[in-house]
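Just below is one structure, and these are the notes that go with it.
The values are calculated or read from the model by the stated rules, or taken from the named source; none is laboratory data. Model, not experiment: these values are computed from the prediction. Heads up, the Cβs are rebuilt from the backbone with ideal geometry, glycines too, and the neighbour counts pull from every protein chain shown. Note: accessible area is taken over every heavy atom of the protein model, side chains too, but ligands, DNA and RNA are not part of it. Shrake-Rupley method; radii C 1.70, N 1.55, O 1.52, S 1.80 Å.
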Amino acid sequence: MGGDAVITCRARALVCDGEGVGDDWEKRIDEAWASYDTYGEERAAEFRAVIDALVAELPEGDPAGLFERACAFDSTGRSDLAVPLYQEALERGLDGYRRRRALIQLASSLRNVGRAKEGVALLEPELIGTSDELDDAVRAVLALCLASLGREREGLSLVLGALAPHLPRYQRSMAHYARALVEPAQA
């Protein structure tokens, strides 16, 4: 997902009571992510080392640590290395806000490595699951996965449906057009 894997400290505060990480660790991982843009592409390995050092403070196999390492690979252009880490984090019980982010980012990474169909399978259930501020991100990444599979009309429908509530006007029209893209024509 590139730089999209970086989230704000405010959002990260919602993350994970009960995932085994403390406030101090969360603060330091936030600071590391806040510094991401100072590294640039030529220093990607150095940035990943910063994340790895913080993850090393957690118990081995901690799902939050696996997730953060996956994000670091993802953000530095290594979706191929991020995929198995996201998968392992989910298998080990990643939950809460990080779980939903992991699903979104894993689907994006799967798309990047030519496995868009798996990304669709991950995100379609999220359309009917818990609703939060990540709903539009779910729809955006799902739309990209659908487009990669030649299902552009479905993807455009999702994006228009996500955009409609944010428009100052034309919400009903855009919501109607979004539905019309995927509904069969009525005689």
Next item on the list: Rank 75, 108, 35 by mean-square fluctuation in a GNM of the chain with C-alpha springs under 10 angstrom and give only the top-ranked residue.
Entry: 35
Next item on the list: Quick one: go through region 122-136 and flag any residue whose amide nitrogen is under 14 Å from the point 7 Å out along the Cα-to-Cβ line of residue 171.
Entry: none
Margin query: So with the 1.4 Å probe, I'd like the accessible area per residue for the chain, rounded to whole Å².
Written below: 54
Note to self: Given a 10 angstrom Cα cut-off, can you work out which residue in 173, 109, 157 is the most mobile in a GNM of the chain?
What the structure shows: 173
Next item on the list: Take the alpha carbon gyration tensor of region 80-174, find the square roots of its eigenvalues, order them as a ≥ b ≥ c, and report rounded if a/c is under 1.5; if not, report prolate when a/b exceeds b/c, else oblate.
Entry: oblate
Check: Looking at the square roots a ≥ b ≥ c of the eigenvalues of the Cα gyration tensor of region 74-125, which shape do they give, rounded for a/c under 1.5, prolate if a/b is larger than b/c, or oblate?
Finding: oblate
Item checked: Cleavage-rule hits (GluC sites (Glu not before Pro)) in region 81-187: DSSP loop, at most 11 neighbouring Cβ within 10 angstrom -> 133
Margin query: Quick check: net charge around residue 148, other residues with Cβ under 10 Å of its Cβ, Lys/Arg +1 and Asp/Glu -1?
Written below: +3
Note to self: What distance in nm lies between label points placed 7 Å from Cα along the C-beta direction at residue 60 and residue 130?
What the structure shows: 3.0
Checklist line | Options (1) 66, 39, 31; (2) 63, 32, 32; (3) 57, 38, 33 - which one matches Cα extents along the principal axes in Å as calculated here | finding: (2)
Checklist line | Heavy-atom accessible surface of region 48-187: percent carbon and sulfur, 1.4 Å | finding: 55
